Amino acid sequence: AAKARGKACYQVFENHMHEMLLDRLDQEARLREAVHRGELRLHLQPVVDVASREVRGVEALVRWEDPERGLQQPGSFIPLAEETGLITEIDRWVLNEACRTMREWQETSPATAPAWVSVNLSAANLEVPDLTDRVAYALASSGITPDGLVLELTETVLMRDIEVTAGRLEELRELGVNIAIDDFGTGYSSLGYLRDIPVDVLKVDRSFITGLAGHRRQQELVSAILQLGHTLGLKVVVEGIETEEQLDLLIALGGRFAQGYHLGRPEPVASLRARLATVTAG
Ligand code: C2E
Ligand code: MG
Ligand code: MG
Ligand code: MG
């Protein structure tokens, strides 16, 4: 009886696995079409100058308007896109869309247009042989100036093969674009790569901000990171500011740029533009 039950159990398990596999294949097929069908959406989150509270830049964050499941956040499809290699097509779409959007914004409302847009690039992009051409194309076809574009790469990506990576980034920087290290502080953090890899911006991971209030040691750590970045001549953006208290602390610790729900959530381009237009008018 136990054996029969075990077998039945296994059957249930097998069916379940089968369903999951079909589900995954189905999602992969639909994701593959998403780019061509125009189902990707660009959301923007403000990066704020903490002294003036003005929006200086925006980060492009992709969403997928899945006709079957509704608006999907990156966490639900980026991992699959990375496993299947679809990510480089998604990133290319975001890159072009972000540049085009900025150019249009700068032309129609120069008073409220942010100075820069940053775009996330997953690891696979560094293996795309024509990555530099793709970026050059996005700049040329949109007409934005190169220093208005920031490419965000995570620490773990940068550290994979420092020499190869440094070469690729040097090529990109020759176009005049800026390179940011995203989620700074979460990788293996051998600081040596700051010497070898050409970067312009550090984006301090939000895990450093959670619980910042009341934790002296953590405050000192953030202060040290800010000093290090500033000493190296880098722009330092602190992510994950969710409260006024965190913002005040950050200012006290010497922070200059911040991003977080307290300062603005990611939102569609039109709604952010409308919001910034009212702020400026009022
Ligand atoms: P990221 O590049 O570090 O982007 C910041 C993420 O933190 C965003 O999540 C943003 O909504 C969220 N966030 C911002 N402020 C706060 C805050 O105050 N509190 C909290 N709890 N979260 C905050 P999102 O949009 O879900 O994106 C998640 C990740 O997906 C991004 O992390 C990035 O690694 C990846 N991603 C997003 N768009 C793209 C893309 O176009 N290409 C690639 N390759 N990856 C992308
Ligand atoms: Mg990012
Ligand atoms: Mg980040
Ligand atoms: Mg992240």
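Here are a few things to note about the model shown:
- Among the residues examined, Leu172 qualifies as more than 21 Å from Ile225 (Cβ to Cβ) and within 16 Å of ligand 1 (Cβ to nearest atom).
- Residue in the range 206-225 that is under 23 Å from Asp147 (Cα atoms) and outside any strand (DSSP E or B) present: no
- Matching option when the condition is within 29 Å of Glu54 (Cα to Cα), small (Gly, Ala, Ser) and out of contact with any helix residue (DSSP H, G or I) (no Cβ under 8 Å at 6 or more places or on another chain), among Ala111, Ala115, Ala140: Ala140
- Residue count for the range 111-148 under the criterion of being closer than 19 Å to Tyr193 by Cα and either more than 19 Å from the chain's Cα centre (by Cα) or within 13 Å of ligand 2 (Cβ to nearest atom) (or both): the result is 2.
- Residue in the range 94-105 that is charged (D, E, K, R) and within 16 Å of ligand 3 (Cβ to nearest atom) present: no
- Candidates Leu158, Leu151 - the one that is within 16 Å of ligand 3 (Cβ to nearest atom), at pLDDT 95 or above and under 20 Å from the mean Cα position of the chain (by Cα): Leu151
- Failed condition for Ala180, given (1) over 30 Å from Gly264 (Cα atoms); (2) at pLDDT 95 or above; (3) of a type in the set (Gly, Ala, Ser): (1)
- Subset of the range 177-195 [surrounded by 13 or more Cβ atoms within 10 Å (Cβ to Cβ) and more than 16 Å from ligand 3 (Cβ to nearest atom)]: Val177, Tyr193, Leu194
- Here the range 111-137 is the region considered, the condition is being modelled with pLDDT under 95 and over 14 Å from Leu172 (Cα atoms), and the residue that is surrounded by the most Cβ atoms within 10 Å (Cβ to Cβ) is Thr112.
- Residue within the range 46-56 that is touching a Pro at 6+ places or on another chain (Cβ under 6 Å), outside any loop (DSSP other than H, G, I, E, B), away from ligand 2 (no atom under 16 Å from the Cβ) and of a type in the set (A, V, I, L, M) present: yes
- The range 129-186, residues that are among the polar types (S, T, N, Q) and closer than 15 Å to Val117 by Cα: Ser142, Thr145, Asn178
Residue-by-condition table, conditions (1) farther than 19 Å from Val279 by Cα; (2) in contact (Cβ under 8 Å) with a residue 24 or more places away in the chain:
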{"residue": "Arg24", "(1), (2)": "yes, yes"}
{"residue": "Ala34", "(1), (2)": "yes, yes"}
{"residue": "Arg41", "(1), (2)": "yes, yes"}
{"residue": "Val50", "(1), (2)": "no, yes"}
{"residue": "Glu54", "(1), (2)": "no, no"}
{"residue": "Gly57", "(1), (2)": "no, yes"}
{"residue": "Leu61", "(1), (2)": "yes, yes"}
{"residue": "Glu68", "(1), (2)": "yes, yes"}
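- The range 232-263, residues that are under 21 Å from the mean Cα position of the chain (by Cα), among the charged types (D, E, K, R) and more than 24 Å from Arg195 (Cα to Cα): Glu242
- Selection within the range 109-163 - in a helix (DSSP H, G or I), touching a residue at least 12 places away in the same chain (Cβ under 8 Å) and hydrophobic (A, V, I, L, M, F, W, C): Ala123, Ala124, Leu126, Leu131, Val135, Ala136, Ala138, Leu139, Val157, Leu158, Ile162
The values are calculated or read from the model by the stated rules, or taken from the named source; none is laboratory data. If you're wondering where the values come from, they're calculated on a predicted model, not measured in any experiment. When we count neighbours, we look across all protein chains shown, and the Cβ atoms used for this are built from the backbone with ideal geometry, even at glycine.
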